[in-house]
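**Student:** This is the structure, below, for whatever I ask next.
No lab work stands behind these numbers, since they all come straight from the coordinates. In this text, all values refer to a predicted model and were calculated from it rather than measured experimentally. Here the Cβ is made from the backbone with ideal geometry for all residues, glycine too, and neighbour counts use every protein chain on show.
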Amino acid sequence: MLSTLYKFPFAFAIVYYGVIPLGYLTKWWTTDDKMKGNSTILVTGGAGYVGSHTVVELLNNNYSVIAIDNLVNCYSNGQNEKPESLKRVEKITGETVTFYNVDIRDREALDKIFKLHKIDSVIHFAALKAVGESVQIPLTYYQNNIAGSSTLFEVMAKNGVKSLVFSSSATVYGNPQFLPITEEHPTGQGCTNPYGKTKYFVEEILKDVCASDADWKVVLLRYFNPVGAHESGLIGEDPSGVPNNLMPYISQVAVGRREKLTVFGSDYRTPDGTGVRDYIHISDLAVGHLKALEKMLDPSFASWKAYNLGTGRGYSVLEMVKAFAEASGKQIKYELAARREGDVAACYADATLAKNELNWTATRDIKDMCKDTWKWQKTNPKGFQKS
């Protein structure tokens, strides 16, 4: 081609000084990994807290993303409007997210999405997730989390998509029999709340599916307590109504949305009497899903495997309050109350298996968790909703 262009100086000049630079600028051609675009991932619950942060990592690492969400726990200007969290994900990454407002229990709508797109794998987040609430409305949790997941798996199988990363939880271990918790810890024994039981039941369903069909590949990610926000401050945890988790409640107290924090339980057998948990930065957790996806897509991977995602370090509620006060410069008012039904005294992970097999380890500490949460909250005092 160039030999021909040399005979036509003006054409050569246009190509050399115009088309080629434009090609590099617009990435018409490149060997950059970010441009390969050879896998499409369906992310259920993609507009939620963990989902949106994972979508950032997927987009930044060359995957195309289709996100579905029923908007039950995320903010949108309307039923047909892309959720604000995903708009901000697009701003962070410079990439586009295809979004559908769909409930995973809607078989027909799910099937249409699978037929419309060539989906390679699924990361399944969509679930109701509050421990205390699950004790109050167990049937709602069983219907959404178990029946919805079963419908999703049936539609996946029907459309020949049999690779899945499942967002499970440390609650499947119930009241810990030993600490730190390894993946060898019994699951389903003494689960203390319906939320944990739904995660356990879905894990068991997936194990049975893998046993029945060798084409299925499943990674179960049992993560502990996600906290923090994206370092940009553009996305973070924005629960609907009163927060059920510790960190968003603390941050809302700090920003003035709540008067004080209620600490449930001050008589546990822990150093200061309050519950101890393994808090993991949301961005570390999101990277864990990416590593799990890579593991699952390896040709040598077969059937299913479970991994803990945590730091291996437990912090009490009062330690978290103190750390957040230092990060924000705000006094965090709190009051002690009776234990909350469904909670355990202490729970923290041994994540050695994830380190060895996924090449993953948490890199951010409690200061990063509090700093990034505060940046998100003070920049967005009302969350994603416009103030």
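**Student:** When DSSP beta bridges are limited to those with both residues in the chain, what percentage is antiparallel, rounded to the nearest 5?
**Tutor:** 5 percent
**Student:** Tilt of helix 246-255 relative to the longest C-alpha principal axis of the chain, in degrees (0 to 90, nearest 10)?
**Tutor:** Helix 246-255 sits roughly 80 degrees off the main axis of the chain.
**Student:** Could I ask something else about it? Arranged by the count of other C-beta atoms within 10 angstrom, fewest first, what order do Thr54, Thr363 take?
**Tutor:** Ascending number of Cβ neighbours within 10 Å: Thr363, Thr54.
**Student:** Does anyone have the angle between helix 366-379 and the longest principal axis of the chain? Alpha-carbon axes, 0 to 90°, nearest 10?
**Tutor:** Computed tilt is about 70 degrees.
**Student:** Here are labelled values, (1) 20.5; (2) 24.2; (3) 22.6, and one is the computed mean projected area of the Cα convex hull in nm² for what I pasted. Which one?
**Tutor:** Identified label for the calculated read-out: (3).
**Student:** Further question: Using only Cα atoms, find the angle between the long axis of helix 194-212 and the longest principal axis of the chain, and express it within 0 to 90 degrees, rounded to the nearest 10.
**Tutor:** 50 degrees
**Student:** Any idea which of Ser316, Ala47, Asn380 is furthest toward the positive side of the dipole for the chain, if Lys and Arg beta-carbons carry +1 and Asp and Glu beta-carbons -1?
**Tutor:** The residue sitting farthest along the positive end of the dipole is Asn380.
**Student:** A further question follows. Helix-only mean residue ellipticity at 222 nm, the chain, DSSP H runs n ≥ 4 weighted -39,500 (n - 2.57), per residue, nearest 500. What is it?
**Tutor:** One gets -11000 deg cm²/dmol as the mean residue ellipticity at 222 nm.
**Student:** Among 112-122, 249-259, 166-176, what's the highest-first ranking by average C-beta atoms within 10 angstrom per residue?
**Tutor:** Ranking the peptides 112-122, 249-259, 166-176 by packing returns 166-176, 249-259, 112-122.
**Student:** Here is a follow-up. Sequence gap at least 6, Cα distance under 8 Å: using those rules, report the relative contact order of the chain to the nearest whole percent.
**Tutor:** This gives 17 percent for the chain.
**Student:** Determine, for Ser85, Ser150, the number of other Cβ atoms within 10 Å of each Cβ, and report the residues in order from fewest to most.
**Tutor:** Ser150, Ser85
**Student:** Placing unit charges on C-beta atoms (Lys and Arg positive, Asp and Glu negative, everything else neutral), compute the dipole magnitude of the chain about its Cα centre in debye, rounded to 20.
**Tutor:** Result for the chain is approximately 840 debye, rounded to the nearest 20.
**Student:** Alpha carbon centre of the stretch 110-147 versus the stretch 161-237: separation in Å?
**Tutor:** 13 Å
**Student:** So the label point goes 7 Å from the Cα of Ile137 along Cα→C-beta, right? Which residues of the stretch 243-270 then have their backbone N under 15 Å from it?
**Tutor:** Counting only backbone N, you get 243-244.
**Student:** Defining a contact as two alpha carbons under 8 Å apart and six or more residues distant in sequence, what relative contact order in percent does the stretch 149-282 show?
**Tutor:** Reported as a whole number, the value is 23 percent.
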